[in-house]
Amino acid sequence: MFVAEANAVEAVRSNQKVAELKPSTAPTSIAASGSLVAVGTEDSKVTVYKWDGKTLSEAGVLTNNKGAVSALAFSPDGSK
């Protein structure tokens with residue numbers, strides 16, 4: 001499970017924090033699907049990370065959003 005906090009994103013397993021990521025801007029939303037984790041931030045960006053079970057590594061950044069990203073979702077079939 002991934003949790004967005006005031007200044008960090010935590011990966012939690014069995015009620016234990018197993019990893020922490022501190023983005024440069026406060027996270028405002030989060031969504032996960034398989035090994036991908038998307039984190040929206042106050043600066044209108046969405047950063048996509050790959051999760052290998054231990055660490056989050058940046059896979060790409062989506063820009064040109066109109067404001068802080070307040071909600072994120074992956075489509076159930078993975079097509080969008």
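Listing for the model above:
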{"item": "Expected-Rg normalisation [2.2 N^0.38 Å, Cα atoms] applied to the chain", "result": "1.03"}
{"item": "Relative contact order %, region 2-76, counting alpha carbon pairs below 8 Å whose residues are six or more apart", "result": "24"}
{"item": "Approximate spin-label separation Lys17-Thr63, in nm, with each point projected 7 Å along Cα-to-Cβ", "result": "3.1"}
{"item": "Accessible area of the chain divided out per residue, in Å², using a probe of 1.4 angstrom", "result": "65"}
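The values are calculated or read from the model by the stated rules, or taken from the named source; none is laboratory data. Keep in mind it's a predicted model, so treat the numbers as computed, not measured. Here the Cβ is made from the backbone with ideal geometry for all residues, glycine too, and neighbour counts use every protein chain on show. The protein model used for the area step is the full one, side chains on, heavy atoms only, and it has no ligands, DNA or RNA in it. Shrake-Rupley method; radii C 1.70, N 1.55, O 1.52, S 1.80 Å.
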